[in-house]
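The values are calculated or read from the model by the stated rules, or taken from the named source; none is laboratory data. Treat the numbers as computed from the prediction; the structure is a model and nothing was measured. Using ideal geometry, Cβ is built from the backbone for each residue, glycine included, and neighbour counts are taken over all protein chains shown. These accessible areas exclude ligands, DNA and RNA; they are computed on the full protein's heavy atoms, side chains included. Shrake-Rupley method; radii C 1.70, N 1.55, O 1.52, S 1.80 Å.
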Amino acid sequence: MRSLVKVLFIIGGFTSLGVGIVGIFLPVIPTTPLFLLASYCFVKGSDRFDRWFKGTSLYKKHLKEFAENRKMTLRQKIILNAFADSMIAIAFFTTDKWFVKFILILVVIYKYYYFITKIETIKPNKTK
């Protein structure tokens, strides 16, 4: 059973990685959150795949700064929050329960508080 769970995490990691790579070329798909999910899945699924992913240029470009120093570019913050907000909005507009809507509003408020106060905003590296 444990090995099945690890295989599912590895599959989830590669799926998130693949869709995240597509997001590099299609700005509608959020790259950073999908790479975060891929990283999480690889950590849970396999030390080998985790080491491999952390050695890729994709990880170094999109996640390394955040993973090591809790810093993100403004663009990364905006895209990540927009994606999260759209997922929360779906739940908000599909429920009739007022207390669920209230909790979702609290989640959004806390999310923005966290991103503004706890994650430093950095200027992106411009390489020529």
### Query
Using the beta-carbon distance between Val107 and Val22 and R0 = 30 Å, what value does 1/(1 + (r/R0)^6) give for FRET efficiency, to the nearest 0.05?
0.65
#### Entry: Surface accessible to a 1.4 Å probe, per residue, for the residues of the chain, Å²
71
## Note on the structure
Dividing the helical contributions, -39500 (n - 2.57) per DSSP H run of n ≥ 4, by the residues of the chain yields a 222 nm value, nearest 500 deg cm²/dmol, of -25500 deg cm²/dmol
### Message
So for each of 91-104, 26-39 I average, over its residues, the number of other beta carbons within 10 Å; can you give me the resulting order with the highest mean first?
### Response
26-39, 91-104
#### Entry: Rounded if a/c under 1.5, otherwise prolate or oblate - the chain, Cα gyration tensor axes
oblate
### Query
Relative contact order of the chain: what whole-number percent is it, with Cα pairs under 8 angstrom and at least 6 residues apart?
21
### Task
Please find the FRET efficiency linking Lys118 to Lys54, where r is the Cβ-Cβ separation and R0 is fixed at 30 Å, and quote it to the nearest 0.05.
0.85
### Summary
Here the net charge surrounding Arg70, from other residues whose Cβ is less than 10 Å away from its Cβ (Lys, Arg +1; Asp, Glu -1), is -1
### Query
Taking the Cα-to-Cβ direction at Lys61 and at Met87 and moving 7 Å from each Cα, how far apart do the two end points lie in nm?
2.3
### Task
Would you mind checking which residues have amide H under 5 Å from Thr73's amide H? H placed 1.01 Å from N; only 5 or more apart, or other chain.
Ile122
### Query
In debye, nearest 20: dipole of the chain around its Cα centre with unit charges on the Cβ of K, R (+) and D, E (-)?
440
## Note on the structure
The answer for the chain, counting only DSSP H helices whose Cα atoms cover 24 angstrom or more along the axis and whose Kyte-Doolittle average is -0.5 or greater, is 2-25, 74-94, 98-117
### Query
Translational D (Stokes-Einstein, µm²/s) of segment 88-128 at 25 °C and 0.890 mPa s when Rh comes from the Kirkwood sum over C-alpha pairs?
197
### Query
Are there trypsin sites (Lys or Arg not before Pro) in segment 8-85 that DSSP marks as loop and that have at most 15 other Cβ atoms within 10 Å, and which are they?
Arg70
